[in-house]
Amino acid sequence: MQTLPVADRFAYSNLGTDTTIHRRKTRPVAIGSVIIGGNNPVVVQSMINEDTLDIDGAVAGIRRLHEIGCEIVRVTVPSMAHARALAEIKQKLIDTYQIVPLVADVHHNGMKIALEVAKHVDKVRINPGLYVFEKPKPDRTEYTPTEFAEIGEQIRDMLEPLVVSLRNQNKAMRIGVNHGSLAERMLFTYGDTPEGMVESALECIRICQSFDFHNLVVSMKASRVPVMLAAYRLLAQRMDKAGMDYPIHLGVTEAGDGEYGRIKSTAGIATLLAEGIGDTLRVSLTEAPEKEIPVCYSILQSLGLRKTMVEYVACPSCGRTLFNLEEVLHQVREATKHLTGLDIAVMGCIVNGPGEMADADYGYVGKTPGYISLYRGRDEIERVPEAEGVAKLIALIKADDRWVDP
């Protein structure tokens, strides 16, 4: 059987036979109390949209995200004042809530800002395409190897203070390459391509390695899913070939909002996770940041990478269905959605029900009009009137000591 292309140090699942996701082997990188990579679960991130100068608003935004499961929170620091405000934000979190792992975005050539913010956060995210401004030359025919190397040395000199500061504080950096903001020489040499994105990241990684700094996470974000997929796959292959075991941050940037934004993000992120690529993720929606977290966990749960909620198995309904399946599924979900680690099946009839729900912890199956059968695993426990079905399901879960009150 033909297998998918593989990077040297990890393998995709063999088509049709292996149901296990084989994650790429990466080094653990600490972001405060949260570890990205290694054998740790895939980490969920998001970003507040409050102005960092609004101390109370920023603290409230960080807390809202953290309370619903966001494990690392990012903030933006466009000025020195914003960087200094992070000291107050961090202290207020400690005083009124708890320590939350924080990441700061430094989007442009602002080394003083980056050095200040590095004192107050656990990770600094930089975009290597924005660190040396190269004005396009209309008559340029090439970048000579000497020119290319000289600009690389400029970037190395510019990044050195930040790299050394983060290294000495045992903090982390995300090398966040964006498809839409590649440096001029990368665009000229490689075009607006995944190759240019990967070369930009590898250059920055090598700079960090030259200062013996390895607390790195790398991302290859693009707004088009095929570009994002190609860039991340190439990054994983190139890093593995070079012996670089750095964790990867996944995301489709500027995915939009609503159903399409969620589908677009899932198409990119879930595809790579299924191939073993990815150690942390953010779903970027043009909505309140809190709306991103359920999508992240749904992606991870559907792939079996994390189990943070009930997994519901339900048939699509057909002419054999013996009750209002949509309504009953809603009732079961509302009664049990606060639980974690359970699989609950709601099946409309006996034809496929027991077989399709064989791996579920509990089953709710229509057998005869007006009655449903409750299952524990593969075993039928009792047949009860449909009106009592949800209450009896809850009683069964309680009897097994797997119930917790909402």
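For the condition touching a helix residue (DSSP H, G or I) at 6+ places or on another chain (Cβ under 7 Å) and modelled with pLDDT of 95 or more, what is the one hit in Met220, Met239?
Met220
Any residue at all in the range 173-180 that is among the polar types (S, T, N, Q) and outside any helix (DSSP H, G or I)?
Yes - at least one qualifying residue is present in the range 173-180.
Scan (1) part of a loop (DSSP other than H, G, I, E, B); (2) in contact with a Leu (Cβ under 6 Å, 6 or more places away or on another chain) for the single condition Asn170 breaks and write down its number.
Failed condition: (2).
Is it the case that Glu116 is assigned by TED's automatic domain parsing to the domain that holds Val227 and closer than 28 Å to Ala60 by Cβ?
Details: assigned by TED's automatic domain parsing to the domain that holds Val227: yes; closer than 28 Å to Ala60 by Cβ: yes.
Here the answer is yes, as Glu116 does meet what is asked.
In the list Gly110, Gly129, which residue meets the criterion of being touching a residue at least 60 places away in the same chain (Cβ under 8 Å) and surrounded by 13 or more Cβ atoms within 10 Å (Cβ to Cβ)?
Values: Gly110 fails: touching a residue at least 60 places away in the same chain (Cβ under 8 Å).
So the residue among Gly110, Gly129 that is touching a residue at least 60 places away in the same chain (Cβ under 8 Å) and surrounded by 13 or more Cβ atoms within 10 Å (Cβ to Cβ) is Gly129.
Tell me which of these Asp192 doesn't satisfy, since it passes every other one: (1) in contact with a helix residue (DSSP H, G or I) (Cβ under 8 Å, 6 or more places away or on another chain); (2) in contact (Cβ under 8 Å) with a residue 24 or more places away in the chain; (3) not in a helix (DSSP H, G or I).
It is condition (2) that Asp192 fails.
Taking into account only those residues within the range 268-288 that are among the polar types (S, T, N, Q) and closer than 17 Å to Asp257 by Cα, which is surrounded by the most Cβ atoms within 10 Å (Cβ to Cβ)? Explain how you work it out, then say what you get.
Taking the range 268-288 first, the residues among the polar types (S, T, N, Q) are 271, 280, 284, 286.
If we keep only those that are closer than 17 Å to Asp257 by Cα too, we end up with 284, 286.
Values: Ser284: 21, Thr286: 11.
By that ranking, first place goes to Ser284.
Mind checking which residues of the range 197-241 are outside any strand (DSSP E or B) and small (Gly, Ala, Ser)?
Ser200, Ala201, Ser210, Ser223, Ala230, Ala231, Ala236
Just to be sure before I move on: is Gly341 in a loop (DSSP other than H, G, I, E, B) and either of a type in the set (Gly, Ala, Ser) or at pLDDT 95 or above (or both) in the structure I sent?
yes
Can you pull out every residue in the range 381-404 that is of a type outside the set (Val, Ile, Thr), in contact with a Lys or Arg (Cβ under 9 Å, 6 or more places away or on another chain) and surrounded by 15 or more Cβ atoms within 10 Å (Cβ to Cβ)?
Leu396, the sole residue that qualifies.
Quick check on the range 159-169. Is at least one of its residues within 20 Å of the chain's Cα centre (by Cα) and under 25 Å from Glu116 (Cβ atoms)? Outline the logic, then answer.
Initially, the range 159-169 is screened for residues within 20 Å of the chain's Cα centre (by Cα), giving none.
No; the residues of the range 159-169 include none that is within 20 Å of the chain's Cα centre (by Cα) and under 25 Å from Glu116 (Cβ atoms).
Assess whether Val121 counts as being surrounded by 21 or more Cβ atoms within 10 Å (Cβ to Cβ), over 26 Å from Lys90 (Cβ atoms) and among the hydrophobic types (A, V, I, L, M, F, W, C).
Spelling it out, it is not the case that Val121 is surrounded by 21 or more Cβ atoms within 10 Å (Cβ to Cβ), over 26 Å from Lys90 (Cβ atoms) and among the hydrophobic types (A, V, I, L, M, F, W, C).
In the range 167-193, which residues are of a type outside the set (Ser, Thr, Tyr), over 13 Å from Leu216 (Cα atoms) and in contact with a His (Cβ under 9 Å, 6 or more places away or on another chain)?
Answer for the range 167-193, where residues must be of a type outside the set (Ser, Thr, Tyr), over 13 Å from Leu216 (Cα atoms) and in contact with a His (Cβ under 9 Å, 6 or more places away or on another chain): just Asp192.
Residues are listed down the side, and each one gets a yes or a no for (1) modelled with pLDDT of 95 or more; (2) more than 28 Å from Ile205 (Cβ to Cβ); (3) assigned to a helix (DSSP H, G or I):
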residue	(1), (2), (3)
Asn39	no, no, no
Asp56	yes, yes, yes
Leu93	yes, yes, yes
Lys112	no, no, yes
Arg125	yes, no, no
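Among what's in the range 273-296 and is within 23 Å of Ile21 (Cβ to Cβ) and among the charged types (D, E, K, R), pick the residue that is farthest from the chain's Cα centre (by Cα).
Glu275
Kindly indicate whether Gly261 is surrounded by 23 or more Cβ atoms within 10 Å (Cβ to Cβ) and touching a residue at least 12 places away in the same chain (Cβ under 8 Å).
no
Condition (residue is surrounded by 19 or more Cβ atoms within 10 Å (Cβ to Cβ), assigned to a helix (DSSP H, G or I) and in the same structural domain as Ile68 (by TED's automatic domain parsing)) applied to the range 242-255: is it met by at least one residue?
The answer is no; no qualifying residue exists.
Just one of the numbered conditions (1) in contact (Cβ under 8 Å) with a residue 60 or more places away in the chain; (2) touching a strand residue (DSSP E or B) at 6+ places or on another chain (Cβ under 8 Å); (3) among the β-branched types (Val, Ile, Thr) is not true of Ile68; which one?
That leaves (2) as the condition not met.
The values are calculated or read from the model by the stated rules, or taken from the named source; none is laboratory data. Please read all numbers here as calculations on a predicted model, not as lab measurements. So basically every Cβ, Gly included, is an ideal-geometry build from the backbone, and we count neighbours across all protein chains shown.
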